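Right, one structure below, let's go through it.
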Amino acid sequence: MKTVILAGGFGTRISEESQFKPKPMVELGGMPILWHIMKLYSHYGFNEFVICAGYKQHVIKEYFADYFLHTSDITYDFTNGKSEMIVHHTASEPWKVTVVDTGLDTQTGGRVKRVRDYIGNEPFMLTYGDGVSNIDIGALVKFHKAHGKLITMSAYNAGQRFGVLDIGDDGKVNEFREKTQGDGNMINIGFMVCQPEFINLIEGDSTVLEKAPLETAAHMGQLMAYKHEGFWQCMDTVREKEQLEKMWVSGQAPWKVWD
């Protein structure tokens with residue numbers, strides 16, 4: 001099963017960093033947050049990724065093109081009039097990564113539709129490129145396969161900042177909507193599992209994933225919620241980045257489930 005990661009936005013709320021690189025390439029512990037997300041999926045045996053790039057997409061492509069340079073020791077030998085590069089202790093991942101330029105101004109739903117040919121006619125996972133979690137991906141996929149609906153999203157109690165989910169006792173999402181003053185606080189944190197038919201609910205480049213597609217799926221009774229009670233944190237601001245950095249440096253990063 002492939003994992004699609006949305007990594008094409010401008011990241012305006014963390015512009016101190018994103019003016020130089022896409023937000024998913026902002027580093028935690030010397031590695032892009034995108035890498036941390038991919039390590040989580042890889043820990044559960046999911047190693048094929050489709051990256052929906054856009055803003056400064058070349059930075060993501062160049063990172064993976066030079067992955068060995070980022071993760072290995074290198075000797076540059078200029079003696080005897082030659083130029084030779086020797087890679088020591090090669091550190092690689094068992095990943096297959098497809099980076100797709102899905103457009104500069106394309107909305108989140110439109111980005112997913114643009115990578116349809118790379119997904120194929122099979123279920124796929126979908127998440128955002130700016131949040132880390134210790135969510136059990138294996139249990140998430142098992143939950144999705146068991147209920148047989150069109151899409152599963154992961155729900156988390158994180159206050160009142162985001163769109164709200166009305167979830168029934170059986171886990172079925174009765175409604176997906178923007179927050180109101182009196183709403184509860186279970187929110188969509190990404191980490192979705194989708195049937196390929198879900199893409200049919202996306203009209204085009206201007207479609208916001210969190211609007212018509214997910215709202216329509218909810219009204220159809222085809223949207224389910226996997227409740228995550230562990231750790232999750234997005235990185236929208238410099239303050240949030242600094243908080244996550246402190247966790248990593250201290251050795252107390254809850255999302256680091258890999259060895």
Please indicate, with yes or no, whether at least one residue in the stretch 214-234 is surrounded by fewer than 21 Cβ atoms within 10 Å (Cβ to Cβ) and on the phi > 0 side of the Ramachandran plot. yes
State whether the residues of the stretch 86-104 include one that is small (Gly, Ala, Ser) and touching a Cys at 6+ places or on another chain (Cβ under 7 Å). no
Residue 196 passes all but one of (1) modelled with pLDDT of 95 or more; (2) out of contact with any strand residue (DSSP E or B) (no Cβ under 6 Å at 6 or more places or on another chain); (3) over 25 Å from residue 101 (Cβ atoms); which number fails? (3)
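The values are calculated or read from the model by the stated rules, or taken from the named source; none is laboratory data. None of these values were measured; they are calculated from a predicted model. Please note: Cβ atoms are built from the backbone with ideal geometry, for glycine as well, and neighbour counts cover all protein chains shown.
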